[in-house]
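Notes follow once the structure below has been shown.
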Amino acid sequence: MASSTTSSKRPTYYEDLRSRGYSRRDFMKFTTMIAAYLGLESTGVAQVTEALMTKPRLPVIWLHFQECTCCSESFIRSSHPIVADIILDKISLDYTETLMAASGHQAEASMRKTMEEYPGEYVLCVEGSVPMGADGAYCCIGGKSAIDILQEAAAGAKAIIAWGSCACNGCVQASKPNPTGATPIHKLVKGKPIIKVPGCPPIGEVMAGVLVHVVTFGRIPELDRVGRPKAFYSKRVHDTCYRRPFYDAGLFVESFDDENARKGYCLYKVGCKGPTTYNACGVTKWNNGTSYPIQSGHGCIGCSEENFWDNGPFYRRLSSFPGFGIESTADEIGAFAAGATAAGIAAHAIGTNIMKKKIIQSHVEEGRTSAEELNHD
């Protein structure tokens, strides 16, 4: 295969890193961080390190369709500079409309060269949904419709990564009445491994972790039933939320300006979708691990779930929620919800009251407020 001789000339990630002035210590910090995000054991750090030191840079084509570029923005603002300098900046040498230096015919020639020299080896990253209305006229690049570009690039791809909720489920442009016929990638491409990395936008470290997994192991990561990497989407935001004890105790914010909000109680009653949303927000967080929406006082809007824009008002509580166990996974939650019984819900209510009583007693003993005030809350 022609690609095998050409790929040997491509520098490794480590070689690129050293050429940019990074030390081996910087490199090891990066590989350790990524291995931790991927949930690998200590031996996994060695695997990631070895792969990035010895394997040629992964050829990547990064397409942009109907989206706001927030996924790329999130990626380049990852907490570790190597994510942008080594992963993304080197990717831009292949093709990405937003960040590459070339434009026009030069840009198109760069994409075509990658497709021809690395058939079956390059990874296709797609940011944005594809409009199928009006014969694809709503999104055209270089005189070609988005669907034509997608199908041509996908034909020789080793795997496809759908970045963000636009590519994974259509996001806001696919919300009712969906005037452009916005369509997610998995409904248009068949016969290729597709990794969904939803979120509006997804977390930068999550995006980097997915790419590093493909580089390290030569295959896509383990996915859940809807195609998301389990390393980052196996737990609900609710399960890792620091406000979870208040939920279990039945202590809720009733409005954003009440005393309960100032005390940091659970945001479930003001519309938080954390109990039905799978993402790593509460663990990885944003902006160098500084915060995430719930920590900033705003409920989760469920942006990594399908049809989140049409799943009811953002500030209205879920109509029902039986209290799934903390070990529930995306694969199990549907069956659990369908089989929930009145006895189970009653048991959850009893447990909630017991927990609430303990928290009230603790607050009273610490002298922070009166029992009457807590009972009123």
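For segment 139-293, the residue among V189, V212, H238 whose Cα projects farthest onto the positive side of the dipole built from Cβ charges is V189. Round to a whole angstrom and tell me the spacing of the C-alpha centers of segment 239-270 and segment 26-55. With segment 239-270 and segment 26-55 each reduced to a Cα centre, they are spaced 37 Å. Taking packing as the residue-averaged number of other Cβ atoms within 10 angstrom, the listed peptides 10-19, 302-311, 259-268 run from highest to lowest as 302-311, 259-268, 10-19. Given in Å, the Rg to one decimal and the Dmax to the nearest whole number for the Cα atoms of segment 106-179 are 13.4, 42. Packing around the peptides 166-179, 277-290, 193-206, 140-153, taken as the average count of other Cβ atoms within 10 Å per residue, puts them in this order, highest first: 193-206, 166-179, 277-290, 140-153. Placing a label point 7 Å from the Cα of Q295 along the Cα-to-Cβ direction, the residues of segment 203-222 whose backbone N falls under 19 Å of that point are 203-209.
Computed from the coordinates by the stated procedures, all read-outs in this text should not be read as laboratory data. Here the structure is a predicted model, which means the values were calculated and not measured. A quick note on method: Cβ atoms are made from the backbone with ideal geometry, for glycine too, and the neighbour counts reach across all protein chains shown.
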